[in-house]
Amino acid sequence: MNGRARRSAIALAVWAGVHAAAQAQAQAQAQAQAAWTPPATPARPGLCAPDPLAGRALYLRGSFNGWAADEAQRFVWTCDRWQLITTIDGEHRFKLGDEAWSPANLHGGLGDLGLPAGTSQLPKDASKASRPTPGSNARIEAEPALAPKGGEMALAFHGTHRLTLWPAPAAGGAPHLRIEHCPVAAPLGRNTLYLRGTLNAWAVKPEHALTYACDAYWLNLRASGRQMFKVADADWSPATITPANGGMHIEVFEGEHTLRVAFDPQGRPELTTGPLAWPDKRPQPLADPVAAGLRYDSRDTAHKQPFGAVPAGSTVRFAVTAPPGVSAVTLVVEQRTLESDQTVLRYSPQARVAMQRSAADGGRERFSAEHRFDTVAVHGYWFEAEVNGQRYVLHNNADAVAWTREKGSGGPGSVALMPAAGAASPTAIRRYRLSVYRPDFSVPAWAQQAVYYYVFPERFRNGDKSNDPRPGVPGARRYQSHEVEAHPRWIDLPYKPGTGDGSDAAHNNDFFGGDIAGLTSKLPHLQRLGITAIYSTPLFLAASNHKYDTADYQRIDPAFGSNADFERLTAEAAQLGIRFIPDASLNHTGSDSVYFDRYGNFGGKTGAFANGKPNPASPYANWYRFDLTQTVPDKQYAGWAGVADLPELDKTAPAWREFAYRAPDSVTRQWLQRGAGGWRMDVAPWVPDDFWREWRTVVKATKPDAVTIAETWFDPAKHLLGDMFDSTMNYIFRNAVLDWAAGGSAQVMAAQLEHLREQVPPPAFHALMNLLSSHDVARATWVLGDKGADTPAATRALARQRYRLAVLLQMSYPGAPAVYYGDEVGLGGGDDPYNRAPYPWADEGGQPDTALEDEFRRLIALRRANPVLSTGTLLAPLHVDAHAMVLARRLGEGGAATWAVTGYSNADAALSIRVALPAGVPAGVRFTDLLIGSEVTPVDGVLTLTLPPRHGALLVQKR
């Protein structure tokens, strides 16, 4: 290329039919061509700048993928910039980050990028822009400068986009992001084009196939010297693109290059060559076919026995198969350390076990080893193989697990060259994880059959208007240093500062008046729905409407009622067969609290930061850590996650632990004694493990059948080993199911769900709190397309159909389904605060969807009447494809077992699926489809399921 990016405008002859297809998009492609320019010429001919991240990957991470480091959203360094071409739909929040959200600097440690402080949205608000129409021009939607550890960005994505990130200039400045919308249809349809010439003997080579992406056909090419070539399909057909004059392209290459074919306004192709400029993420095959033939599948009993998590003291057997030619295979066992929000992740060596060679079927060889796991922990393991003098790693796949730093969903592994010693990333080797739990781990039986109702009490029901927060009344409650806000109507939207809704500048200080009296009055209503447990966000005295800024752990907030009202609620719920699970944060208090008293609202004398100053004489002073070298009040103490309103507790302080759980009248004990059926613990990963281990012992000693639930958004296995918690809020389930219900791949969903089945110990797996909405994320109907009253009727109907599909899976899957208040009657809402809107009671002017509520009631009743759907053992999937998943369940053993087969499909049309029944299903078994009442009989052990569009089937063995 002689050091210059050269554009060769070459007239190419195109067969008439192909020409017509190209002509239809000519204007769009022409504009896209104008938006793209080859990278600047590198300083040395044919060479590009080295990747500033030295191979550490950068990802687009956001609400569309559970903030995971997903390979589908991985940027690729292309000469002097990072690029990503991706398809996303809907309004989403996002940032750019590596796997660890590394501390960022502008040049070497670029790992967490967002908007600079004080920037509330992208410079061009595409959420208000019109949706591109077919054939419209590709357009630049946003071009923000980014800052390390910056804030989240928000954008309404519409289909395929190209994102380009330029690193900060060496002379100073900020990294710069460009987001462009792409045309999507390939002008040449399914016809595959190839570079064919002297460099490949004019042959069709897969590595020289051009790929259509965004707005053109692309090929990254490593070549050198003078080359002659044409662009053609495999058959030199009339649809082939060739020079019109019968000649050929002639280029002088040196190193890596990108070839690009786009179309001008007249539909004529134009070839561009230049430095590396296309983010090609196609996997590069290993050069050694023997190494590429290594196989391991953690969910196949031919490779690992027993399946999944194991009790401490278990011996696990491993096997790897390979074609002949492998010199040696070693099993590497490690123990994982994981702390806080996955900020600490490391593995310590435990054992290296030489695997023994034996013959296997089909001419392959088998390498076997076993290891006894005695320590309760999450372990990591992988395999090291030597082939032809080269070392390889056989490790977990690269699937992203929602919210989880570590990649790999388990199942079939992948092979790569052994990373260099001392690789910077602890995830360079993707360990398989193995949970080893306490042999005596048990979970209350009721928790494995529970159906939760998840309530935000301030927004559920106002049963006592006399205790409503009222602004401007002498002596009334204040929000920190200023007034509260009260809504005049129950069915108003929550206030959000800065939106022009008439509210003040404070967050979380607006109130509707929901209380304990309202919740108590609706217990019969919840019983009729089929609810067996209520989980409530905090009820303790606090300044905010969400109450996570606790002011007094020993007192119910007067706006909710009294301590006696709490006891009355739990007693009346118990009479109806409903347990009540309160929430608390033992990680932080509120700054406006008895213990901290920053604003002097509690007397200004005994708080640890009374009236905005450190108070060493406070009885609570050693609950917190202070930095007295600072002069700015907000910097004199640590606020959890940097939020000054939430001063973080020193969880190692003996006085705090005594108050929290050790003392006979501790917070943990006294509310269990007042009727609580267990605890849900806020931000559990930020609290030390030994704290939770002691705390669990106290809970179980106080009330043996109490349930303990952790708030963990990522892979929860660490907290579910029998020494801390019984359950967790299952956000991985939520993301997997909603992504699929919205039209995503059932194979991707199944991988996420199977990861949980494999990693979570069985006692906890059947008690996982499976949710679809929560007070921290947009409601499910919103995610699935129903954005409120302005949404077109057809879109709303589709969103409801998708939601019903998600609920069907939720109600028939292992674990405890959790219904977020109002979801059962179609209450919608996006991110906080709109996901916390008041329940639409008809007598308050709301319009509850009673038909949807009836469907919830029916599905809950079916679940409770058929225990195989709640506590039945889940086997490996019988069938998974792009749209559908079919599962098998077994309750009991041998001839007394009850079997169920459940199927789910997000396809637009009905599907007919044939599955072979698993071993153990008795001959002559008959099934009843609980959804339609029909009988289904297998033939010769093969069952045929008919799955309606965006629906499913629940087949239970007929007795």
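The values are calculated or read from the model by the stated rules, or taken from the named source; none is laboratory data. Every value quoted in this text rests on a predicted model; they were computed, and no experiment measured them. Please note: Cβ atoms are built from the backbone with ideal geometry, for glycine as well, and neighbour counts cover all protein chains shown.
Quick notes on this structure:
- Among the candidates ARG461, ARG430, residue that is part of a loop (DSSP other than H, G, I, E, B) and surrounded by 23 or more Cβ atoms within 10 Å (Cβ to Cβ): ARG461
- Scope the range 47-73; condition out of contact with any helix residue (DSSP H, G or I) (no Cβ under 9 Å at 6 or more places or on another chain), within 23 Å of LEU345 (Cα to Cα) and surrounded by 19 or more Cβ atoms within 10 Å (Cβ to Cβ); matching residues: LEU53, ARG56, LEU58, TRP67, ALA69, ASP70, GLN73
- Top-ranked residue of the range 571-596 - restricted to ones that are assigned to a strand (DSSP E or B) and touching a Phe, Trp or Tyr at 6+ places or on another chain (Cβ under 6 Å), ranked as surrounded by the most Cβ atoms within 10 Å (Cβ to Cβ): HIS588
- Which numbered condition PRO419 fails, given (1) in a loop (DSSP other than H, G, I, E, B); (2) crowded, with 18+ Cβ neighbours inside 10 Å: (2)
- Taking the range 620-653 as the range and being of a type in the set (Asp, Glu) and closer than 18 Å to ALA543 by Cβ as the test, the residues that pass are ASP634, ASP645, GLU648.
- Hits in the range 862-875 (condition: hydrophobic (A, V, I, L, M, F, W, C) and surrounded by fewer than 16 Cβ atoms within 10 Å (Cβ to Cβ)): ALA865
Residue-wise test of (1) assigned by TED's automatic domain parsing to the domain that holds GLN847; (2) surrounded by fewer than 23 Cβ atoms within 10 Å (Cβ to Cβ); (3) over 20 Å from TYR437 (Cβ atoms); (4) not hydrophobic (A, V, I, L, M, F, W, C).
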| residue | (1), (2), (3), (4) |
| --- | --- |
| GLN759 | yes, no, no, yes |
| HIS775 | yes, yes, yes, yes |
| ARG779 | yes, no, yes, yes |
| PRO792 | yes, yes, yes, yes |
| GLN801 | yes, yes, yes, yes |
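- Close pairs from the range 643-671: first within 15 Å of ASP690 (Cβ to Cβ), partner among the basic types (Lys, Arg) and assigned to a loop (DSSP other than H, G, I, E, B), Cβ under 8 Å, at least 6 apart: ASP650/ARG625; ARG657/LYS651
- Within the range 279-292, residues that are more than 24 Å from HIS161 (Cα to Cα) sit with their Cβ atoms under 7 Å from residues that are assigned to a loop (DSSP other than H, G, I, E, B) and of a type outside the set (S, T, N, Q), at 6+ positions apart or across chains, in these pairs: VAL290/PRO323; VAL290/GLY325; ALA292/PRO285; ALA292/LEU286.
- Tally of residues being outside any strand (DSSP E or B) and of a type in the set (A, V, I, L, M, F, W, C) across the range 902-949: 11
- All helices (runs of 4 or more DSSP H) inside the range 609-723 with 2 or more residues being closer than 24 Å to TYR535 by Cα: 667-673, 689-702
- Checking ASP929, ASP908, ASP881 one by one, the residue that is under 30 Å from ALA818 (Cβ atoms), touching a helix residue (DSSP H, G or I) at 6+ places or on another chain (Cβ under 8 Å) and either modelled with pLDDT of 95 or more or of a type outside the set (Asp, Glu) (or both) is ASP881 and no other.
- Of all residues in the range 826-872, those that are free of Cβ contacts under 8 Å to residues at least 60 places away in the same chain and closer than 18 Å to PRO814 by Cβ total 3.
- When ILE709 is tested against the conditions (1) at negative phi; (2) surrounded by fewer than 22 Cβ atoms within 10 Å (Cβ to Cβ); (3) among the β-branched types (Val, Ile, Thr), the lone failure is (2).
- Checking every residue in the range 664-679 against the condition of being surrounded by fewer than 17 Cβ atoms within 10 Å (Cβ to Cβ), over 27 Å from VAL760 (Cα atoms) and hydroxyl-bearing (Ser, Thr, Tyr) gives zero matches.
- Scan of the range 912-939 for residues that are more than 16 Å from GLN957 (Cβ to Cβ) and crowded, with 19+ Cβ neighbours inside 10 Å, ordered by number: ILE913
- Within the span defined as the range 782-789, one or more residues are closer than 26 Å to PRO877 by Cα and in contact with a Phe, Trp or Tyr (Cβ under 8 Å, 6 or more places away or on another chain).
- Only one of GLY267, GLY255, GLY274, GLY247 that is at pLDDT below 85, small (Gly, Ala, Ser) and in contact with a His (Cβ under 6 Å, 6 or more places away or on another chain): GLY267
- Of the residues screened, LEU493 is one that is at pLDDT 95 or above, part of a loop (DSSP other than H, G, I, E, B) and on the phi < 0 side of the Ramachandran plot.
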